[in-house]
Amino acid sequence: MSDITSARDALVLLSRLVYDKYGDESLPLITEAWYRLGLGTGEKRKRDLPSTDIGTASNAFWGSFEGVEIKATENDARVFSNNGKCLLGLENAGRVLCEAMMCLDKGILEAVTGGKVEMKILRTVADGDGICDIVYSIKPPNSKP
C-alpha cells in the first residue's frame with residue numbers, strides 16, 4: 001500500500017528525493033515550488049476567513065492540529081508544535097530542507113494578509129529538536145522599509 005494519497009504527499013516525496021540526489025543546489029527549486037503552493041492555498045482559502053490578520057490566518061491553517069499552539073499579536077505569530085512529528089514528514093531530514101519546504105506557510109500567510117512575511121525557524125523536528133517553534137512576522141504592505 002502506498003503512503004502517497006495526495007498531490008501534497010507526492011510533492012513532499014519529490015522534494016526529499018530531489019534534495020537527497022542534488023543537495024543544496026536543489027533548494028531554490030524546492031523553495032519556489034512550496035512557496036507557490038502556499039500562495040495558491042492562501043488565495044483560495046482567504047475568502048472563507050472572517051479576517052485576514054495573521055492570528056486568524058494562523059489559527060485557520062494550523063490551529064486544529066494536535067499539539068500545535070499559536071500565539072499571535074498584531075504583526076506576529078508564533079507557532080509551536082510539541083507533538084514530535086512534522087506535518088510534512090521531515091523528521092531528522094535537516095534544517096535546510098525544512099526551511100525550503102516551510103515556505104509553504106510563508107506563502108499562505110503572505111497571500112492571506114497581503115503583507116511580506118519573515119519566517120524564523122527557531123527549533124525544528126527536521127533538525128532533531130523534537131519540537132517545532134516558528135515565528136512569522138508580517139510587515140504591512142504600505143509600511144516603509
So in region 130-145, with the set limited to residues that are out of contact with any helix residue (DSSP H, G or I) (no Cβ under 9 Å at 6 or more places or on another chain) and either part of a loop (DSSP other than H, G, I, E, B) or of a type in the set (Lys, Arg) (or both), which one is modelled with the lowest pLDDT?
145
Please specify each residue of region 99-139 satisfying the condition of being more than 19 Å from residue 71 (Cβ to Cβ), in contact (Cβ under 8 Å) with a residue 60 or more places away in the chain and of a type in the set (Gly, Ala, Ser).
100, 107, 111, 114
For a quick check of your reading of the model, give me the residue pairs whose first member lies in region 6-33 and is of a type in the set (D, E, K, R), whose second is loosely packed, with under 11 Cβ neighbours inside 10 Å, with beta-carbon atoms closer than 8 Å and at least 6 apart or on different chains.
9/3
Among the residues of region 86-113, count how many are in a helix (DSSP H, G or I) and either on the phi > 0 side of the Ramachandran plot or of a type in the set (A, V, I, L, M, F, W, C) (or both).
11
Just one of (1) under 13 Å from the mean Cα position of the chain (by Cα); (2) assigned to a helix (DSSP H, G or I) trips up residue 79, so point out which.
(2)
Residues 86, 98: which one is under 14 Å from the mean Cα position of the chain (by Cα), crowded, with 17+ Cβ neighbours inside 10 Å and at pLDDT below 90?
86
Check region 32-45 and report whether any residue there is under 21 Å from residue 111 (Cα atoms) and modelled with pLDDT under 90.
no
Residue 121: passes all of (1) part of a helix (DSSP H, G or I); (2) modelled with pLDDT of 95 or more; (3) among the β-branched types (Val, Ile, Thr) but (1)
Please verify whether residue 96 is in contact with a helix residue (DSSP H, G or I) (Cβ under 8 Å, 6 or more places away or on another chain), free of Cβ contacts under 8 Å to residues at least 24 places away in the same chain and either within 21 Å of residue 4 (Cα to Cα) or among the hydrophobic types (A, V, I, L, M, F, W, C) (or both), treating the condition exactly as stated.
no
Considering residues of region 67-81 that are touching a strand residue (DSSP E or B) at 6+ places or on another chain (Cβ under 9 Å) and exposed (fewer than 15 other Cβ atoms within 10 Å of the Cβ) only, the residue farthest from residue 16 (Cα to Cα)
74
Taking first residues from region 71-90 that are without any contact (Cβ under 8 Å) to a residue 12 or more places away in the chain and of a type in the set (Gly, Ala, Ser) and second residues anywhere that are crowded, with 16+ Cβ neighbours inside 10 Å and assigned to a strand (DSSP E or B), the pairs with Cβ under 8 Å that are 6 or more apart or on different chains are none
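The values are calculated or read from the model by the stated rules, or taken from the named source; none is laboratory data. Every value quoted in this text rests on a predicted model; they were computed, and no experiment measured them. With ideal geometry, Cβ positions are generated from the backbone for all residues, glycine too; neighbour counts draw on all protein chains shown.
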